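In what follows, a single structure is set out as structure tokens and then discussed.
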Amino acid sequence: MKRRDTVAVAALRSALAEIANAEAVDLAGTATPARAMASASEHVAGAAVGLGAAEVERRVLTEAETIAIVVADAAERERAADEYDRAGRAADAARLRAEAAVLRSVVETA
């Protein structure tokens, strides 16, 4: 990244975001954490008081799950590159293929 490889930086930032999104906990249907309810604010209904009172631990991904996310991201870039080729946007297709190659190289070294 120090040599300003914009293709690699874009691909790696995107993959890190995908991994971060996969680590997020689905809060649909979950109750407010008990410690947040114990210290609920009298001024705002449903508010949690205190540092980290409403925090929920993120999922911990296995190495296989993380690799699968990166592989899927690379495959998605390849599919998008094919679409760009069909639309006559060769430069954009080449950029996406280069990003996919960066992601595949990361997976191969893992």
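Since every read-out is calculated from the coordinates, none of them should be taken as a lab result. Treat the numbers as computed from the prediction; the structure is a model and nothing was measured. Here the Cβ is made from the backbone with ideal geometry for all residues, glycine too, and neighbour counts use every protein chain on show.
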Inset, instruction - For ALA10 and THR109, calculate 0.36 nm times their separation in residues minus their Cα-Cα distance, and state this gained length in nm to one decimal. - result: 33.8 nm
Inset, instruction - Going by C-beta contacts inside 10 Å, put VAL7, VAL70 in order with the fewest on the left. - result: VAL7, VAL70
